[in-house]
Amino acid sequence: MLPTTSKTQRTIAAVLAALVFLGASTTTDQKRLSIYSSVANYTLLVTDRQGREYVGLLEVLEPLGRITARIEGQHWKMRFNNTDADFVSGKTRAKVRGRDLDLSSAFLIENSRGLVPLSSLSTLLQRFLGNPVNFHESARRLFIGDIATQVTAQLDSSTPPRLVLNFTAPVNPTISTEPGKLKMVFGREALIPPANNPLAFESTTISQANFSESNGTAELTIAATAPLMASFSNNGRTITVAATRQASAPSAGTPPVAGELPASESPPAPPIAPAPASSETPPESAPVRRPLAIVDPAHGGTERGAALSEVLAEKNVTLGFGRLLRHELERQGFAVMLLREGDDSLTLDQRAGAANAARALIYIGLHATSEGNGVRVYTALLPREGPDRGPFHAWNAAQTHSLPLSQSIAVAIVSELQKREFSARGLAASLRPLNNLVVPAVAVELAPGPNGVSDLPSANYQQKAAAAIADAVALQRPSLEVHP
């Protein structure tokens, strides 16, 4: 039955407490590093050790190329693409490309993870990638290559005045207001400050726009003497900020937006800060929470999954794939809960319990295989179980109510994959934890591409599949949101 044991409940609580899955808010006590590259933009947790900040090197490099690692005594040896490296636990000197490299503090090994000091990350990545790296260390934002998104601002003389922000790439900020301010928080975009910061405007209504960055995010704060509203256009490359008309409807040419929208042309929502009928300061508007998707990279910890090659384990492929899928879903406007951020062990019951407790719109499990080619998309094949007992569902048939929608989503994913020239097909299987989930759920199994097994850890191959999955889920979002 659906209620779980106390041990599993404790594990679920720990998982939910450790992961941030509400899109409009971030946990202030978690340190984060954001990495921006031409392959993927992603965020990692930062760990404090010995009074210094550390990050997992495997997690940093995994979305950027093929990587394997092994432990030999005190040595943590890894290979990234064609580059070999050797780190020693407790030592500040490493060897990369056969040359010595000094770290700012000692290399650490914890639970098979290799941790490097954050302050050495720029030097390390330049050695591995051969590309220029620009690290805003105090803000924990790292840019690889020519990847920066720039913004320009122009205030026109319309009534009410409008501030037009043009970006060099699509953006999808979280938008909120408070008295006298409109804030845009950019969690995944490689936004850099404008040439002049802060930007000052000759207007008594919209006076200033200020850029700041901290803890892996960038923020634009627009100061005004009237409530503001924002609208997206130009496929997410333009945001127009305008003062609301006092005691009148907003102009049809600048539809307002509430909270956050995907970086695409979307129907407008009511104003985020409508003008009050009186002269009192409007109350603070809370950010809108995005719909939640759960991504579950299969296996982890001592459970390595399938041996995809002599050195490549399924658990490593699914984790990298999961991070890229999280990014693609977030670009579509979803908040994403990744069930494991590192090399962690979770039982099937724990995965199902965490997903059910989170009340997500959709669950996507990720697998990998060295057999066949392309992608397989699974939905549950349910056993015959007894009837539900009041609010309790039969554990192995908990998917019953959501199965028709799960099947529709699987068909949409297969279709999007085929559009991108993947060999894709849908299957039904008695595959846990799909059977145990009350929310719509699919499992995606990544198989080799044109280059064989070497495609499985390829960030480009995974990215292509992740984009197709996210596009399909976004198309199904209206059905997901009305699903009881």
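The values are calculated or read from the model by the stated rules, or taken from the named source; none is laboratory data. Please read these numbers as outputs of a predicted model, since none were measured by experiment. Using ideal geometry, Cβ is built from the backbone for each residue, glycine included, and neighbour counts are taken over all protein chains shown.
Annotations for the structure displayed:
- Residue within the stretch 338-349 that is part of a strand (DSSP E or B) and either more than 20 Å from residue 466 (Cβ to Cβ) or basic (Lys, Arg) (or both) present: no
- Any chance residue 482 is β-branched (Val, Ile, Thr) and over 24 Å from residue 299 (Cβ atoms): yes
- Of residues in the stretch 50-93 being among the small types (Gly, Ala, Ser) and either assigned to a strand (DSSP E or B) or surrounded by 14 or more Cβ atoms within 10 Å (Cβ to Cβ) (or both), the one modelled with the lowest pLDDT: 65
- Residue check for residue 12: touching a Phe, Trp or Tyr at 6+ places or on another chain (Cβ under 9 Å) and either modelled with pLDDT under 85 or surrounded by 13 or more Cβ atoms within 10 Å (Cβ to Cβ) (or both): no
- Summed over the stretch 397-413, the residues that are of a type in the set (Val, Ile, Thr) and under 22 Å from the mean Cα position of the chain (by Cα) give a count of 2.
- Filtered by the rule that a residue be under 20 Å from residue 217 (Cα atoms) and of a type in the set (A, V, I, L, M), the stretch 120-152 gives 121, 133, 139, 142, 144, 147, 148, 151.
- The listed residue being assigned by TED's automatic domain parsing to the domain that holds residue 191, surrounded by fewer than 18 Cβ atoms within 10 Å (Cβ to Cβ), over 22 Å from the mean Cα position of the chain (by Cα) and hydroxyl-bearing (Ser, Thr, Tyr), out of 123, 152: 152
- Identity of the residue in the stretch 147-157, touching a residue at least 12 places away in the same chain (Cβ under 8 Å) and outside any strand (DSSP E or B), that ends up nearest to residue 190 (Cα to Cα): 148
For every residue, the table says whether it meets (1) farther than 25 Å from residue 37 by Cα; (2) assigned by TED's automatic domain parsing to the domain that holds residue 96.
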residue: 129; (1), (2): no, yes
residue: 136; (1), (2): no, yes
residue: 173; (1), (2): no, no
residue: 201; (1), (2): yes, no
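- The condition of being at pLDDT below 90 and either crowded, with 22+ Cβ neighbours inside 10 Å or basic (Lys, Arg) (or both) does not hold for residue 218.
- Extreme residue, farthest from residue 59 (Cα to Cα), among residues of the stretch 409-457 that are hydrophobic (A, V, I, L, M, F, W, C) and in a loop (DSSP other than H, G, I, E, B): 438
- None of 143, 135 is free of Cβ contacts under 8 Å to residues at least 60 places away in the same chain, buried (at least 16 other Cβ atoms within 10 Å of the Cβ) and part of a strand (DSSP E or B) except 135.
- Leading residue by the ranking (modelled with the lowest pLDDT) among those in the stretch 102-120 that are surrounded by 15 or more Cβ atoms within 10 Å (Cβ to Cβ) and in contact with a helix residue (DSSP H, G or I) (Cβ under 6 Å, 6 or more places away or on another chain): 114
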